[in-house]
Amino acid sequence: MNNPGLFQARWNLGKLVLCNLLPLALLGFWLWPTGQMYCLMFDEWLFRHLNTPLATNSTWLHIWAVASLRPFDIVVGLIMLGLLIRGDWVFKAVDVRRAFFGFLSILILMVVIRALFSKLVALMNWQHNSPSMVLEGAVHMSDYFPGWEKTWELKDRSSQSFPGDHASVLLIWGLFMGMFSRSVGQFLIVWGLTLLFMMPRLVAGAHWGQDDYIGGVLLAVLALGWGYYTPYAARMSNFLLRLTHPLFKLMTRMPVLSRMSVVRSSSLLR
């Protein structure tokens, strides 16, 4: 279904190599003692500027406390999904179902890469505590909202903060949507939301910056390379389109759902 040319059914070796070299370069820089020193200096500066105002600015505190709750992650996910499957925005209405399944397949691939990379991180002892657990004077939002931490899982610290899982999901969405953006405005909206939704963990101190711009980028770029610049996304999206065709055919008869572009998509199966 949808435009069969949305994903390539062949290998793009040049871009695949690039998507492997960039993560290796980032990892190498991070492991280089001087590079690690620069990362720590920048991350501490960033954390102090984002976290310290929590103690004196009630509005800043409440905004980021709400954004650090687990239910807010669901809201973020719904926004990302809504923009992905919105017909005639980034993707044409007839393409959104294939785009959705292509993104889903790349996301699944990233989960596999994340699992393998986590084993390497544990083996090499690269794991570390988040800045809120390490730096003196860190403001812990859970101290201000102890009930929220218990009931809604307020995320303001982590004993295993590398790599940034939350950031990697946002980054793969940003890379995917940005790659298909049809205007500068769309591109800016996509990346503006990506960076904005990465902020809560950084403000709260649940992640260092390097967990995101090293670990998160590493995972997202690897997944994009092996997912998009190989036949993987094309074949997986074709498979999922065929597998779910009866379900979507049934959904076309349901009120409200039948009006969604992802349901109404009517291109022919290959």
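Listed values, structure above:
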item	result
Set 253, 201, 242: member being among the charged types (D, E, K, R), surrounded by 14 or more Cβ atoms within 10 Å (Cβ to Cβ) and farther than 20 Å from residue 112 by Cβ	201
Residue among 47, 101 that is out of contact with any Asp or Glu (no Cβ under 8 Å at 6 or more places or on another chain), of a type in the set (A, V, I, L, M, F, W, C) and farther than 20 Å from residue 155 by Cβ	101
Single condition residue 94 does not satisfy, out of (1) at pLDDT 95 or above; (2) under 27 Å from residue 176 (Cβ atoms); (3) over 24 Å from the mean Cα position of the chain (by Cα); (4) among the β-branched types (Val, Ile, Thr)	(1)
Residue selected from region 159-181 under the condition more than 14 Å from the chain's Cα centre (by Cα), among the small types (Gly, Ala, Ser) and surrounded by fewer than 24 Cβ atoms within 10 Å (Cβ to Cβ), by the criterion modelled with the lowest pLDDT	159
Those helices (runs of 4 or more DSSP H) lying entirely in region 211-270 with at least 2 residues modelled with pLDDT under 95 and more than 27 Å from the chain's Cα centre (by Cα)	232-251
Only listed residue being out of contact with any strand residue (DSSP E or B) (no Cβ under 8 Å at 6 or more places or on another chain) and touching a residue at least 12 places away in the same chain (Cβ under 8 Å), chosen from 32, 89	89
Subset tally (residues that are of a type in the set (D, E, K, R), surrounded by fewer than 17 Cβ atoms within 10 Å (Cβ to Cβ) and within 20 Å of residue 198 (Cα to Cα)) for region 117-156	1
Listing of helices (runs of 4 or more DSSP H) fully contained in region 1-96 that carry 1 or more residues being of a type in the set (D, E, K, R) and within 24 Å of residue 128 (Cβ to Cβ)	33-51, 70-84
Given (1) out of contact with any Phe, Trp or Tyr (no Cβ under 9 Å at 6 or more places or on another chain); (2) free of Cβ contacts under 8 Å to residues at least 12 places away in the same chain; (3) more than 20 Å from residue 171 (Cα to Cα), number of the condition residue 78 does not satisfy	(3)
Matching residues in region 147-185 - criterion: being among the acidic types (Asp, Glu) and without any contact (Cβ under 8 Å) to a residue 40 or more places away in the chain	149
Residue pairs meeting the criteria (Cβ under 8 Å; at least 6 apart or on separate chains; first closer than 20 Å to residue 175 by Cβ, in region 222-243; second of a type in the set (Lys, Arg) and modelled with pLDDT under 95)	231/10; 237/98
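The values are calculated or read from the model by the stated rules, or taken from the named source; none is laboratory data. Bear in mind that the values here come from a model prediction, so they are computed numbers and not experimental data. Cβ coordinates were reconstructed from backbone atoms using ideal geometry, including for glycine residues, and neighbour counts include every protein chain displayed.
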